[in-house]
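Shown next, in structure tokens, is the structure this report addresses.
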Amino acid sequence: MSSPDLAVDPASPTPAGVLARLAGMMFLQSWPLGSWGVTIGAYIAANTGGLGSGAFSSGFIGYSTLAAAVGSLVSPYLVGVVGDRLVPPRWLLAGLNLASAAAAMGLLASESEFAFFVWLCVYFQCYFPVVTLCNTIGLANLNRPEQEFPLLRLYGAIGWIAAGVFVGFAWPWMFGSSIESLRTPFAIGAVANLAMAIYALTLPRTGPAVRLDTGPPLPRRQAGKLLADPKLRWFLVASFFACVPSMAYNNFCNPFLNHTKFPAPAAVMTLGQLSEIAVLATMPMVLRRLSLGSLYVWGMAAWVARYGLLTAAAGTGVAWPVYLAILLHGPCFAFIYVVGPMLADRFTNHQDRGAAQGLYAVASSGLGHVVGALAVGAMQAAVLTPDGVNPPPYDWTTFWAIASAVSVVSLVVLFRCVNPSRHSPTTD
């Protein structure tokens, strides 16, 4: 897949103007979910059972994460095929952001658990293909993907930080009260999606690689061709296990901080994005010494350490393990969710790049997150907010200990699938 308005020379760095446009894409695309993705758990918790509007049931924080997982099951792959074969990715990016804005407004207006969950599903059906498209557009327009893609993703972390600081610090400073347990962040996200839809039309003219009249293969046939490679199949299995444990932190760290009275939780959690920026900035140098496969395994080891720290913090009431757990976000995120697309890009030719990214999204943030969401929903209902128990026990020590045990199992399986000592294809 090439870009008609770029002269790609793999021996030279990507032109600064192109990098700036792609960096803007990553920044703006991270802002919408960054504005409410961290605080949604606090909003649900503030309206669970007898609290607030009482619209949500006891396990809904965990079960709501199924919406994101379901959004990753099919749509990223199908949109990847369309972007590879039929429609320019930047037009898809614009259309999906418009749909995301509409879904965010649906969340803002929802008065019941069912309506809220439906709009969440709609949002993530649009959001995860957008992530795939941003990866596809970025990889297609970089002359040196291994050196430049981690730095490009750095601007996504900056966008997430900017959104969190705006919600956690700037809004209370301007208007005098916190909005972390309110609906307001959904409106902020909707405006950001609209801005991204407009910006998407300014991006480099990437693809599609195959014209409509050449007879593009059916999605099922294209998937079969890609999955015929056993190396890709093992990598997808590894990706599934790597992403299962993430749902506990992603959806419960903010409620944990709010429940234990940490100041400005949404802003405090942006320390994780600062760590992510540092890791992404140094990753090109790290890759001169370590393989992509090795970093993938180290990323899972970081998840084990993170949940151990949160278990210790919940059990002792000491704050510093929480800060360390948040600061581990850099390797936790970058070595799994940034290295993963880079590895997936190695298993295909440019003509099928979008479909390969879609398959990776289905295995990782799709199936992996489905299993993770079901697990954390059950954990919430069992040890945090069980039915018929008033007040809820909020046994955070047990919750994080279970997450720690799951991450250890995932690390063992991941190491067997991606073992650097056996010259796995992901380490080449």
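The values are calculated or read from the model by the stated rules, or taken from the named source; none is laboratory data. Owing to the predicted nature of the structure, the values given are computational and were not obtained by experimental measurement. Cβ placement follows ideal geometry from the backbone for every residue including glycine, while neighbour counts extend to all protein chains displayed. We work out accessible area using only protein heavy atoms, side chains counted, and drop any ligands, DNA or RNA first. Shrake-Rupley method; radii C 1.70, N 1.55, O 1.52, S 1.80 Å.
Here are the numbers for this structure:
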read-out	value
Of all residues making up the stretch 113-128, the number that are in contact with a strand residue (DSSP E or B) (Cβ under 8 Å, 6 or more places away or on another chain) and open to solvent by less than 30 Å² (accessible area, probe 1.4 Å)	1
Of residues in the stretch 394-428 being surrounded by fewer than 21 Cβ atoms within 10 Å (Cβ to Cβ) and not in a helix (DSSP H, G or I), the one modelled with the highest pLDDT	Asp395
Tally of residues being over 20 Å from the mean Cα position of the chain (by Cα) and part of a helix (DSSP H, G or I) across the stretch 169-186	8
Residue in the stretch 305-326 that is under 18 Å from the mean Cα position of the chain (by Cα), surrounded by fewer than 22 Cβ atoms within 10 Å (Cβ to Cβ) and assigned to a helix (DSSP H, G or I) present	no
